[in-house]
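In what follows, a structure is listed as structure tokens, so that the remarks can point back to it.
Read the figures in this text as sums done on the coordinates, not as results from a lab. Everything quoted here is computed from the prediction, not taken from an experiment. Virtual Cβ from ideal backbone geometry, glycine too; neighbours counted across all protein chains shown.
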Amino acid sequence: MFEQTFKNIDDTLHKDAGCSSELDYTEQTSWMLFLKYLDDLEFIKSQEAELMGQEYQYIIDEEHRWNKWAAPKDKEGNFDHNNALTGDDLMDYVDSELFPYLKGFKQRADGPQTIEYKIGEIFGEIKNKIQSGYSLRDALEKIDELRFRSQDDKHELSHLYEVKIKNMGNAGRNGGEYYTPRPLIRAMIDVLKPKIGETIYDGAAGSAGFLCEAFDYMRKGGAEKKQLSTHELDVLQTKTFYAKEKKSLAYVIAIMNMILHGIEAPNVIHTNTLGENLQDITPNNQHDIILANPPFGGKERPEVQQNFPIRTGETAFLFLQHFIKSLKPGGRAAVVIKNTFLSNNDNAAIALRKELLENCNLHTVLDCPGGTFIGAGVKTVVLFFTKGEATQSTWFYELNVGRNMGKTNPLNDKDLQDFVELQKTFESSEKSWSVATNELDEKTWDLSTKNPNIAEEIALREPSEIIEEIIALDKESEAILSNIKALL
């Protein structure tokens, strides 16, 4: 039922002049989903308060609650079309009253980690793009069919929302910034094995796929598959996941994605992570685990570069410095980065590799094939490292799935099983090998080693040998032409 509802909402938005792509469909669905979720959450909390003989203090004032403007009901609990705003009346209310009211929560909230503050930030950044009040009315009625009142409901909705995020990635370059293949994320988590009590951080959260997958892994008991206690579940909910995201749409989607996965008040901050000076990162805001796929290829302004000891315009290199500083001593990280990081010969890349090898144990590098990221024209690697100990040896794994990957043939969990299994003992195989740090060139710290277990298929000849063969062929051709000429 939920899947068909999502399709119907997309169909409605597709017909509206204000929505032109999957990015718009997901953005507009997100703010409506958020308000429906908030209404269901308040309903559950009011019921719990009533059972305890207490009075529940609503977050949203009565005139702006979902059942007042979005989906009014009659005495029998059926949709009340007579009292439902529609057309221009609905558009005027949403744009002139509802959004300004919700945006004002940011100023009225007690602090940035409250749900009130999140409401204010979301509606301060996102805009209603739907142009027809009739399209909006149609979409609201479909959203009202969805329920957030059980964990099963949230699980199904989270799965469907992930599909929407994936479709955003397939819709174009900008959408791809928000989607990292989930099988790759799960493999990264399987290697790091996060435990209850550890904090997990992503400073380039996108749609928060890393944190949502880590939540699912830990909620099921992690590597031990153990049943969590009530206290452990509370720690998982409130004191485990932390994120930052710069872009407005990604910020909203991250919050919605975490909520649907079961994290009620996500610790996501809307900010430019790279605007923070590295010297301001103290032990109080360092983390046990970092999982991230920072944007690469971007160029940061000089004033942003001033925040980092290794100055460079490459966004991913700045993020890597941020992640190293944000790890606690002994903390573990898995970070996706362009494979050219391993070999770039500019001063910043060399200095950053040296920093990583000397101050962290870069124990594993996963070399991903082209097509891992659908629509991206670059190859990537995943760096696995532990902070606080120098690298003695690095284990490399060349992921070769034996097929061309694309939209209809994406990366899957089975593709990564061999990597996860061999990584436990850093075992050598046809696809894996180790390189000692003392074998590296200390001038470049180049890490772009080739798989030594694959022999060159064709031995390259010397240029002088090729030239000699060309001369011999020319002489042979000349002799043949002379014989033909004599016959004429």
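Summary table below
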{"item": "Axial C-alpha extent at least 24 Å, average Kyte-Doolittle at least -0.5 - helices from the chain (DSSP)", "result": "22-51, 463-487"}
{"item": "Dipole of the chain [Lys/Arg +1, Asp/Glu -1 at C-beta], most positive-end residue of GLY124, TYR179, LEU342", "result": "LEU342"}
{"item": "Test item: Cα-centred dipole of the chain, Lys/Arg +1 and Asp/Glu -1 on Cβ, debye", "result": "540 debye"}
{"item": "Total formal charge among the other residues, if their Cβ is under 12 angstrom from that of ARG147, Lys/Arg +1 and Asp/Glu -1", "result": "-4"}
{"item": "Within-12-Å neighbourhood charge of GLY275 [Cβ basis; K, R +1; D, E -1]", "result": "-1"}
{"item": "Percent of beta bridges antiparallel (DSSP, segment 175-439, rounded to nearest 5)", "result": "55 percent"}
{"item": "Loop-exposed GluC sites (Glu not before Pro) per DSSP, neighbour cap 16 Cβ within 10 angstrom, longest uninterrupted part of the chain", "result": "265-388"}
